[in-house]
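Please read the structure below before turning to the comments.
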Amino acid sequence: MPPTTTRIRKLISQRNNEIMLHAVIELALGVLFCVLVYGFVFVWMWGLGGFFATQLSLTRTQFALSVVGLFMAVCFFSAWRRVDPLQSVAPMTDTQLMLTYISLASPNLLYFSPRHASAGVAAILIGGPKNILSAIGNWRHRLPGSSSLVAEAADLLILAQHGVAINMIPSPRAAVLLRRLALIKPVDHGHDIEMVLTENGRETLAIS
């Protein structure tokens with residue numbers, strides 16, 4: 001196997017290991033967050049939902065599980081659609097902040113902003129599903145490492161030593177791979193755009 005090909009394959013393996021580690025951490029945090037948040041929702045619904053459970057001919061546990069399942073379905077769908085509960089919420093005014101701080105310090109005054117409170121609760125509920133879906137997305141976007149693609153990338157890396165025009169790149173997928181590995185970068189010369197080696201790309205060829 002040519003040295004350049006071996007080096008690129010090693011870089012792909014290193015990068016994929018980083019992606020997988022990040023995905024595992026995100027997944028673990030997402031699952032932990034879901035357990036804590038939806039576990040609290042379950043306990044809350046189990047304790048307060050006795051009347052509704054009776055009306056629906058359900059046990060407390062069945063009612064609590066139904067509510068948690070509904071919340072999770074909505075939140076996973078919202079996370080999949082990239083909904084940001086805080087996006088349309090304006091920052092609290094100085095007056096609102098002052099009243100909030102006073103209410104925290106004084107038991108005689110209860111104040112909160114319903115809009116900010118509801119958006120904050122929604123963000124907490126979506127947090128776990130958002131991490132889980134992000135982890136799955138990262139896992140799916142690992143770098144490809146087939147033998148043919150690595151060979152094409154090695155050839156393109158050698159061509160890029162002196163710059164190669166975008167329209168002259170023999171393998172676009174190899175260019176995408178090298179770009180994700182930060183081995184090449186586009187340079188605009190005004191009349192055309194070339195892909196040239198980055199510092200990492202020059203070091204990779206030198207090592208090879």
### Task
Could you identify the single residue in 187, 150 that is in contact (Cβ under 8 Å) with a residue 12 or more places away in the chain and farther than 23 Å from residue 15 by Cα?
187
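Picking from 130, 185, which residue would you name as being of a type in the set (Lys, Arg) and more than 30 Å from residue 39 (Cα to Cα)? Even if it seems obvious, please write down each step before you answer.
Values: 130 fails: more than 30 Å from residue 39 (Cα to Cα).
Of the residues listed, the single one that is of a type in the set (Lys, Arg) and more than 30 Å from residue 39 (Cα to Cα) is 185.
Here's the yes/no breakdown for (1) β-branched (Val, Ile, Thr); (2) part of a loop (DSSP other than H, G, I, E, B); (3) under 30 Å from residue 20 (Cα atoms); (4) not assigned by TED's automatic domain parsing to the domain that holds residue 74:
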{"residue": "110", "(1), (2), (3), (4)": "no, yes, no, no"}
{"residue": "117", "(1), (2), (3), (4)": "no, no, no, no"}
{"residue": "128", "(1), (2), (3), (4)": "no, no, yes, no"}
{"residue": "135", "(1), (2), (3), (4)": "no, no, yes, no"}
{"residue": "185", "(1), (2), (3), (4)": "no, no, yes, yes"}
{"residue": "191", "(1), (2), (3), (4)": "no, yes, no, yes"}
{"residue": "194", "(1), (2), (3), (4)": "no, no, no, yes"}
### Task
Taking residue 58 as the residue in question, decide whether it is part of a loop (DSSP other than H, G, I, E, B) and over 35 Å from the mean Cα position of the chain (by Cα).
yes
### Task
Output the residues belonging to the stretch 47-81 that are surrounded by 17 or more Cβ atoms within 10 Å (Cβ to Cβ) and among the hydroxyl-bearing types (Ser, Thr, Tyr).
78
### Query
Restricting attention to the stretch 173-185, does a residue exist that is over 18 Å from residue 4 (Cα atoms), out of contact with any Asp or Glu (no Cβ under 9 Å at 6 or more places or on another chain) and of a type outside the set (D, E, K, R)?
no
### Query
Mind checking whether some residue in the stretch 187-204 is buried (at least 16 other Cβ atoms within 10 Å of the Cβ), among the acidic types (Asp, Glu) and more than 27 Å from residue 28 (Cβ to Cβ)?
yes
### Message
Regarding the stretch 75-90, can at least one residue be identified that is among the β-branched types (Val, Ile, Thr) and at pLDDT below 95?
### Response
yes
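The values are calculated or read from the model by the stated rules, or taken from the named source; none is laboratory data. Bear in mind the structure is a predicted one, so any value in this text is a computation, not a measurement. Positions of Cβ are backbone-derived with ideal geometry, glycine not excepted, and every protein chain shown enters the neighbour counts.
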